Amino acid sequence: MILVLAGTQDGRELAGRLLDAGWPVAASVVSRYGSELLARYAAKGLVVNDRPLDTAGLAGYIRRQGIRLLVDASHPYAANASENAMEACRQQHIPYLRYERKGTPLVYDKLYRVADYAGAARQAAKLGQHIFLTTGSHNLAAFSQAECLRDHVLTARVLPEPEVLRQCLALGFSPKNLVAMQGPFSLELNAELYKKYEAEVIVTKDSGQIGGTDTKAAAAIALGLPLVLIERPQVSYENFAQSFEEVLAFAAEQLPAAEQKIK
């Protein structure tokens, strides 16, 4: 069985592609919502884990489920998840493959690349008073608690999940500065949101086309707004793929064909 860390849209689609190729597949996500998004693959025999797993938990899951290959399709910024996965694979002596979507090539004279969230807060503070955050909810504290942004107006676009909204409110975001919407969004909708919230600076991550980086950036460029881009964390992956075809080829190379289901 192949285990896919499927916390992204392309991770879920990859699990489906592996199932269609005849491999028995398990997918691991970190929430019930993630599990619901995988429901369409239930009829194909997909096994789903919807509880967060640390290194020990993941190693135990690999052992109990008889996992023979782990494909890490977690979010490009989930460096800890990837490190945990590689260590669990080493402990259980199975191959590890990182699948990561391609980044978004950007050329813009108002583009500011930074290494981390703290750097993004410092850079954004220099560029404008109204900051529009499209970085997700997990690291909003780096902005709401940054001394350099204490007198700035912060607007955050996040997923419309109750727990996410509770976390945002606890960090000091007011309802009028929260945009709870499921993306990705068109250039036109991004531009209208930037204008509605009087954005002077856009902060985002290089999450690729599936993550909507292309249209977020295009809208900022169309409006002439500075764009602060948090670059992907640098992780030394043991094996790496950027297409589903490469993942399928790696599975065929690592696992006996007899493990595929007979169609």
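Derivation of every value follows stated rules applied to the coordinates shown; laboratory data play no part. Owing to the predicted nature of the structure, the values given are computational and were not obtained by experimental measurement. Using ideal geometry, Cβ is built from the backbone for each residue, glycine included, and neighbour counts are taken over all protein chains shown.
Under the criterion of Cα pairs below 8 Å and six or more residues apart, the relative contact order for the range 111-230 equals 34 percent.
Only Cα pairs under 8 Å and 6+ residues apart enter the sum, and on that basis the relative contact order of the range 6-66 stands at 31 percent.
Counting other Cβ atoms within 10 Å, which GluC sites (Glu not before Pro) in the range 123-212 have at most 16 and lie in a DSSP loop?
Values: sites: GLU147, GLU163, GLU188, GLU192, GLU198, GLU200; in loops: GLU198, GLU200.
Listed in order of number, the matching sites are GLU198.
Annotation for the range 109-154: trypsin sites (Lys or Arg not before Pro) lying in DSSP loop with at most 15 further Cβ atoms inside 10 Å of their Cβ are LYS110, ARG150.
For the range 212-247, the residues whose backbone nitrogen is under 18 Å from a point 7 Å from the Cα of ARG90, taken along Cα to Cβ, are 234-240. Hey, in the GNM for the chain with a 10 angstrom Cα cutoff, which one of VAL30, VAL203, VAL107 fluctuates hardest? Comparing VAL30, VAL203, VAL107 in the GNM, the peak value goes to VAL107.
Under a 5 Å amide H cut-off, with hydrogens placed 1.01 Å from N, ASN239 pairs with ARG98 among residues at least 5 apart or on other chains.
Cross-link list LYS126/LYS176; LYS126/LYS196; LYS110/LYS196; LYS44/LYS216; LYS110/LYS205: which exceed 26 angstrom alpha carbon to alpha carbon?
On the way: LYS126/LYS176 23 Å; LYS126/LYS196 22 Å; LYS110/LYS196 21 Å; LYS44/LYS216 35 Å; LYS110/LYS205 15 Å.
Table pairs above 26 Å Cα-Cα are LYS44/LYS216.
Taking ALA120, ALA26, ALA43 as the candidate residues, the one with maximal mean-square fluctuation in a Gaussian network model of the chain, Cα springs under 10 Å, is ALA43. Taking a ≥ b ≥ c as the square roots of the eigenvalues of the alpha-carbon gyration tensor, the range 60-107 is classed prolate because a/c is 1.5 or more and a/b outweighs b/c.
Of the chymotrypsin sites (Phe, Trp or Tyr not before Pro) found in the range 91-200, the ones in coil according to DSSP and having at most 16 other Cβ atoms within 10 Å of their Cβ are TYR108. Per-residue Cβ neighbour counts within 10 Å put CYS89, CYS148 in the sequence CYS148, CYS89, beginning with the fewest. Mean separation of Cα pairs under 8 Å and 6 or more residues apart, divided by the residue count, gives the chain a relative contact order of 22 percent.
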